[in-house]
Amino acid sequence: MRLPEIHLALLETASATEPKPVEQLADELGEDTAAVTRAAFELADDGLVSVDEETREDVTLTTEGEGYLDDGLPERRLYRAALDAGADEDPVELGRLVGEAGLEGAEVEIALSNFARKGLGRIDDGQVTVDGDGEADLDADGAADPEAAALEAFAAGDAAAGDVDAEVLDRLESRGLLERATSTVRSVTLTDDGVTALMEGVEVAETVGAVTPELLTSGEWRDVEFAAYNVEADAETVTGGKEHILRQTANRVKDVLVGMGFREMEGPHADADFWINDCLFMPQDHPARTHWDRFALEVPPMDPEAIPEGLAARVEDAHRNGVGDDGEGYHSPWSDEFARAIALRGHTTSLSMRYLSGHAVGELEPPQRYFSVEKVYRNDTLDPTHLLEFFQIEGWVMAEDLSVRDLMGTFTEFYEQFGITDLEFKPHYNPYTEPSFELFGHHPETGELIEIGNSGIFREEVLRPLGVDCDVMAWGLALERLLMLMYGFADIRDVHGTLCDLQLLRDVEVVH
């Protein structure tokens, strides 16, 4: 019998009594694991070895999980601090225990939620009481806590995923303390036929992959072993690079708007609240400007010199007193420090304010048309139509005697370029536009009405402080919602974000 060199080496290294993992064989042979695996399957086809497959779950601790090995789980630290403070006899103030347990930042909330879940005690009106029975009765090294014990066992290599209760594993994974991955382990065992072949003698065969002129003219083709090819084997899937469908659509939107006579705006993602909200006549005590909706950054505020001279004073006056003889301001608090505070923009209208004020490209004379297709950031709840960051199609037109009819006509012309002709408009309230309305489109699969944008004519309280004395109609449209109407996606998380469906992105066809 004649076999290729790697096949013979594998046959001689395999054992008839003990299955050997492919990785071990590859290490002993000094060969690539893929090459050894391929040789093993080819030998198995000839009945010389058997290949067994086993699915194995591997567990690795995350950085957070490793950090708790030395310090202990946050709830355990809170529990021990409470015991040391005598909370098993009399309630102890929570704030004191947090400090004594060394809990910081997110660890505090983690400790409180798991403290209650594990039945370690009670927290009422800021007072902590430790229970002295059940799961609360833990020993000093925490061996009775299954989650702490599992972390230590995995770190020491004393446990595999199958050795730990599935509920404990799920809990540790949901807490982000470990990661689980499934792998296939292949083991090779020499068969009786393989043993017989070795005893009878196996020679190394020189294998070639193709017939060459040299082999034919020399006659060597008679003495070589041609490599066998399995033409029915599945070929390796090779996925090449591809422009993301969202970027494709964004570029197409830009082309359409440029074709409609618009020019593109540029500006910072992190900007002063003055440009993001104050210039839009949004009162500083508006709920949307709290930390619940706004991503504030811990960086120094914008220098006063970075805002055009006199503009901040005019905007503040509009907020306090309104604009014109009949204007009404908010009479609400105003803080220069808050106006200069830096946050991630919640809309790209901050760019519109920079351009309309003349701060970006100098004073503009009507008529003007500008747009941007850029990311914005909002502290929203994730769902099929909302993300924490998304793309907004910002646009505005500066001209004399604009009306809602002009605005609706612009949308009709724009969306027709994408095959969307069933727009619906509904009146709406915005602090910065009057009149205002929202745009809706019908989802092609579900028929559901989906909000795709917000628009209106800028109020005098916005335009007058900026030095604009003509009409400006403006809008903010959602690029992802446009994508849903074009392609029929039901959940935008399938195409954008950490949970996106990679196979869907590879297979989706471009809509023209």
Tell me, how many Å apart are the Cα centres for the range 143-221 and for the range 227-303?
42
What is the chain's relative contact order, in percent, from Cα pairs under 8 angstrom and six or more apart in sequence?
13
Nearby lysines by direct alpha-carbon distance to LYS426 (threshold 28 angstrom, same-chain neighbours under 8 apart not counted):
LYS254, LYS375
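Go ahead and run the numbers for FRET between ASP84 and ALA153, Cβ-Cβ distance against an R0 of 35 Å, rounding to 0.05.
Working: r = 27 Å, r/R0 = 0.76.
Computed FRET efficiency for ASP84 and ALA153 comes out at 0.85.
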Quick one: if you stick a label point 7 Å off each Cα along the C-beta vector at ALA16 and HIS331, how many nm between them?
10.1
Distance from a point 7 Å along Cα→Cβ of CYS470 to each backbone N in the range 254-296: keep the residues under 19 Å and list them by number.
260-265
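Once you keep just the Cα pairs under 8 angstrom separated by 6 or more residues, what percentage relative contact order results for the range 349-480? Don't jump to the answer; show the numbers that get you there.
Working: 226 pairs, mean separation 34.1, N = 132.
Computed value for the range 349-480: 26 percent relative contact order.
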Divide by every residue of the chain the summed helix terms, -39500 (n - 2.57) for each DSSP H run of at least 4, and state the resulting mean residue ellipticity at 222 nm, rounded to the nearest 500 deg cm²/dmol.
-10000 deg cm²/dmol
Placing each pseudo-label 7 Å from Cα in the direction of the beta carbon, VAL108 and GLN248 end up separated by a distance in nanometres of 4.8
Kirkwood estimate for the range 246-507, i.e. one over the average of 1/r between Cα atoms, Å:
19.1
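Taking Rh as the Kirkwood radius computed over C-alpha pairs, what is the Stokes-Einstein D of the range 300-373 at 10 °C in a medium of viscosity 1.306 mPa s, expressed in µm² per second? Display every interim value, and only then the final one.
Details: Rh = 14.2 Å.
Estimated diffusion coefficient is 111 µm²/s.
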Above 20 Å lies some portion of the pair distances; for the range 210-295, what is it as a whole percent of all C-alpha pairs?
73
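Within a 10 angstrom radius of the beta carbon, how do TYR429, TYR370, TYR79, TYR377 rank from fewest other beta carbons to most? Please report the intermediate quantities before stating the final value.
On the way: TYR429 10, TYR370 22, TYR79 28, TYR377 18.
Ranked by crowding around the Cβ, least crowded first: TYR429, TYR377, TYR370, TYR79.
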Taking the Cβ-Cβ separation of GLU214 and ARG2 as r and a Förster radius of 35 Å, what is the calculated FRET efficiency to the nearest 0.05?
0.95
Residue order, fewest to most beta carbons within 10 Å, for MET1, MET486:
MET1, MET486
What number results when the radius of gyration of the chain, computed over Cα atoms, is divided by 2.2 N^0.38 Å?
1.45
Give the Kirkwood hydrodynamic radius (Å, one decimal) of the range 1-48, defined as one over the mean of 1/r across all pairs of different Cα atoms.
10.7
Would you mind getting me the FRET efficiency between THR55 and GLU305? Use the beta-carbon distance for r and R0 = 51 Å, nearest 0.05.
0.20
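Read the figures in this text as sums done on the coordinates, not as results from a lab. Please read all numbers here as calculations on a predicted model, not as lab measurements. Positions of Cβ are backbone-derived with ideal geometry, glycine not excepted, and every protein chain shown enters the neighbour counts.
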